[in-house]
1. Where Lys and Arg each count +1 and Asp and Glu each count -1, what net charge lies around N23 among other residues with Cβ under 13 Å from its Cβ?
2. Which distance in nm do the two modelled labels at K98 and Y85 give, with both placed 7 Å along the Cα-to-Cβ direction?
3. Under 12 Å from the Cβ of L100, count the other residues' Cβ atoms, weight Lys and Arg +1, Asp and Glu -1, and hand me the total.
4. Determine ³J(HN,Hα), in whole Hz, for all residues of the range 35-51 in sequence, where each value follows from phi through the Karplus function 6.51 cos²θ - 1.76 cosθ + 1.60 and θ = phi - 60°; x replaces Gly and Pro.
Amino acid sequence: MSVSGLEKLDVWCRARDFAVRVNKQILPLLPTEEKWALSQQIRRSSQSIPANIAEGHGRFYFQDNVRFCYIARGSLEETLSYLVYAIKVGYIPDELYKSLAVDGENLNRLINGYISFLKKSKQGANEPGANYVVHDMPTDYITEDNSSVPSDSSIE
């Protein structure tokens with residue numbers, strides 16, 4: 001895979017543009033006391049959206065790709081949550097928040113559509129090893145033998 005392959009993926013392009021917009025339009029508005037707190041959280045979560053879509057796109061099996069899209073969707077929700085906080089404490093103007101919230105909702109729809117596409121197409125599902133699943137055997141988690149503990153009726 002290469003960047004040119006990612007640029008053909010609309011969901012990645014929109015996620016990248018959303019992250020760039022958040023970083024260019026939101027971060028400069030945050031107060032200096034938020035430099036190492038909210039600012040860094042917003043930067044990381046917004047950058048995580050296209051990064052996880054790209055990482056999933058680079059995986060061969062659709063299950064991996066879907067999993068990374070779930071992570072990207074979670075990062076989008078995290079970013080939107082920070083934006084709600086920023087508007088509530090008065091760091092960003094209402095119009096900017098509303099515009100980014102609409103972009104976030106649209107991006108969420110695109111990610112969900114991409115996940116649906118991946119699940120239907122099951123790319124890599126017929127490759128060697130794709131059907132192997134690791135099963136952990138259930139184990140008992142009792143660590144002591146309670147037979148030597150007296151019951152309540154025998155304690156006087």
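1. Around N23, the charge tally is +4.
2. Distance between label points: 2.5 nm.
3. Working: positive: R21, K24, K98; negative: D17, D94, E95, D103, E105.
That sum, taken over residues with Cβ under 12 Å, equals -2.
4. After applying 6.51 cos²θ - 1.76 cosθ + 1.60, I find 4, 9, 10, 4, 4, 5, 5, 5, 4, 5, 5, 5, 6, 5, 4, x, 5 Hz.
Taken together, the values in this text are just the output of simple stated rules run on the coordinates, not laboratory data. Everything numeric here is computed off the predicted structure, so don't read it as measured data. Please note: Cβ atoms are built from the backbone with ideal geometry, for glycine as well, and neighbour counts cover all protein chains shown.
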